[in-house]
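Every number in this text was worked out from the coordinates using simple rules, so none of it is lab data. These figures come from a predicted structure and were not determined experimentally. Note: ideal-geometry Cβ built from the backbone for every residue, glycine included; neighbour counts use all protein chains shown.
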Amino acid sequence: MPSIVCTAKASYKKLPGTLELTDSHLQWIQDGKKNPSVRVPHQDASSLFCSKEGAAQVRLKLGLVNDDAGHNFTFTTTPQEVAYSERETFKTELTNIISRNRSSGVLAAPTAQTPKGPVTAASTLTPSKAATPAVLPASRASTSRATSVVSDGRTPILSGQDAATVFRLRKRVLFANPELLALHKELVMGGQITEAEFWDGREHLLLAEAATENQKRGRPGQLVDPRPQTVDGGEVKIVITPQLVHDIFDEFPVVAKAYNDNVPNKLSEAEFWKRYFQSKLFNAHRASIRSSATQHVVKEDPIFDKYLEKDDDELEPRRLRDEVSNLFINLGATLEDHVETGNERDVTMQAGRQRGALPLIRKFNEHSERLLNSALGDAPPSKRRLVNGGDVENSFSEIEYDDLQDHESSPGILLEMQDRRRSSREVIDVQNAFKDLLSRMNGWEGRFSQLKIERKSSEAALSSMTQNVAARLDTKATKSDFPPGLFRQLTTCQTAANEFLRQFWTSIYPPPSDLPTPIPTAAQRSAKAAKMAGYLGKTHEKVDALVRAAVLEGVEGNRVVIAMKPLMDAVEHALAFHRARSTALGGGASPEKPGSKLV
């Protein structure tokens with residue numbers, strides 16, 4: 001008897017029952033019955049969808065190999081938090097199952113189904129050649145996609161990442177890029193290329209997403225200051241969350257000490273926080289200068305008043321910094337210069353003129369220091385400084401900008417002169433020429449006022465630029481007058497052909513990459529290039545079908561040809577290159593030739 005991995009109360013088609021996941025099947029049993037109404041083998045699971053967190057119903061949809069509609073289950077356990085937790089358990093287990101199916105090749109190969117009914121322009125966009133179907137359970141008639149020629153049928157896994165992690169990264173990348181998601185549905189779900197071929201060359205997207213997930217979030221810069229909220233009836237409440245408790249303990253260690261001393265022996269946790277937010281200690285921790293005035297109206301508390309500290313409002317702070325301040329940014333470092341130069345002390349910048357503000361200012365300074373320490377780590381202060389040495393000469397390197405230093409400057413090349421007397425005569429001649437130039441410059445103001453510049457050249461240049469800008473704006477503002485359905489087919493055809501071109505050229509000329517991905521062999525790249533050339537060879541047929549569809553919708557077919565001409569030129573270039581390469585390598589028959597000529 002198979003062992004049960006997880007179980008939960010769930011409804012299927014509005015009928016109550018129990019959803020169970022065993023080590024071989026996912027099954028749903030209606031209440032009052034013994035035999036399962038739904039029974040799905042693990043190898044038939046192909047996709048998984050879940051409702052958003054906070055939705056009215058906690059739902060899960062499982063897509064099957066040959067049935068995208070799959071099965072929908074609604075978790076009915078109350079309260080809803082328990083149903084959400086049960087759904088997450090099923091989600092984790094099913095995700096691992098689907099990942100194993102993908103990595104083992106079970107999902108790598110459904111055949112393209114033969115279109116039923118009359119063939120239209122949209123239906124001809126999918127290659128009709130089917131590959132060998134994969135062996136699937138006899139309980140379901142399966143279809144298979146084309147087998148990958150990049151590897152041994154397995155989806156390439158990033159180094160250090162398991163199949164479930166790679167699947168999650170791919171899903172996040174697709175959902176973050178709608179255009180890439182549409183291309184994936186068209187090519188991979190449509191059976192034209194495999195999952196491995198689609199992600200070949202896009203590993204950097206997965207690595208970037210993994211780096212984003214693994215990025216450690218720093219501490220928030222906001223000072224912890226819970227704000228009371230007024231509810232109906234005039235009552236004041238503060239919502240306490242585990243994160244708020246952690247922040248309060250981290251920001252105010254004295255509160256953590258009071259908590260450890262009194263909970264749960266003297267006070268319960270709820271009573272502790274209720275009395276804390278009503279105490280003078282809480283008002284002393286408020287990030288407002290008005291909190292000192294509030295303390296006079298707050299009632300005394302025999303427990304929390306023991307942890308009160310005297311206001312840090314003296315001229316010298318209560319807690320001195322152990323680390324010596326940098327002389328270049330220390331505002332008090334120049335005090336000793338006042339006596340020598342005779343300057344008076346700057347009394348306008350003297351701290352403590354408003355004594356009530358000193359505790360708040362020092363509270364902000366200590367909070368900023370804690371933020372910097374959390375970012376710099378536990379390294380000693382000497383390791384944090386960016387100083388090259390302790391002497392005065394090296395300390396000036398802190399205020400030197402490397403961009404302002406001319407590292408390539410040179411004193412020049414010393415000129416050796418043979419006849420210095422001849423050079424002196426030439427200098428005298430230059431001086432006479434300069435004097436002559438000055439004499440001829442007399443009266444230049446009058447001659448300059450008579451200067452006239454022809455306006456034709458400048459006006460022609462300005463007119464040309466204006467027309468260019470106007471043409472660009474008209475082109476940008478003009479909407480495509482293609483029918484929406486036809487325009488969508490044109491876009492789909494172009495996107496698919498561009499992907500085939502990318503796959504073709506990367507198999508011919510693999511780009512250099514430092515990413516930890518498997519490197520295909522020369523035979524695998526050659527087979528992939530031949531496969532992509534076969535797909536590219538059908539581009540003419542697709543464009544011809546689009547031309548016929550455009551004529552049926554009242555659009556001139558030549559406009560479609562003109563719109564697709566750049567794409568067709570790129571396809572022709574790739575096919576010609578492949579034919580020449582196959583002939584030079586003695587490959588025998590050239591790839592599939594284009595279909596009918598463009599009309």
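Annotation: amide H of Val38 within the under-5 Å range of Trp28, sequence separation 5 or more or interchain, hydrogens built in the peptide plane.
With θ taken as phi - 60° and the Karplus curve 6.51 cos²θ - 1.76 cosθ + 1.60 applied, the whole-hertz 3J(HN,Hα) list for the range 59-74 is 10, 9, 10, 10, x, 9, 4, 10, 8, 5, 5, x, 10, 10, 10, 10 Hz, x standing for glycine and proline.
Between Trp444 and Arg488, full extension at 0.36 nm per residue minus the direct alpha carbon distance yields a gain of 9.0 nm.
Over 20 Å between Cα atoms: which of Lys9/Lys91; Lys52/Lys185; Lys33/Lys61; Lys185/Lys565; Lys266/Lys306 fall into that group? Distance filter (> 20 Å) returns Lys52/Lys185; Lys33/Lys61; Lys185/Lys565.
Here Glu213 and His25 are evaluated by their C-beta separation; at R0 = 22 Å the FRET efficiency comes out at 0.10. Semi-axes of the equivalent ellipsoid for the range 4-103, computed as √(5λ) from the eigenvalues of its C-alpha gyration tensor and ordered from largest down, come to 20, 16, 12 Å. If the chain linking Val254 and Ala357 were pulled fully straight, counting 0.36 nm for each residue of separation and taking away their Cα-Cα distance, it would gain 34.9 nm. How high is the FRET efficiency between Ile238 and Leu414 when r is their beta carbon distance and R₀ equals 60 Å, given to the nearest 0.05? Computed FRET efficiency for Ile238 and Leu414: 0.15. Put a dot 7 Å past the Cα of Ala471, heading toward its Cβ, do the same for Lys435, and the two dots end up 6.0 nm apart.
When only alpha carbons of the range 438-543 are considered, Rg and Dmax amount to 29.6, 83 Å.
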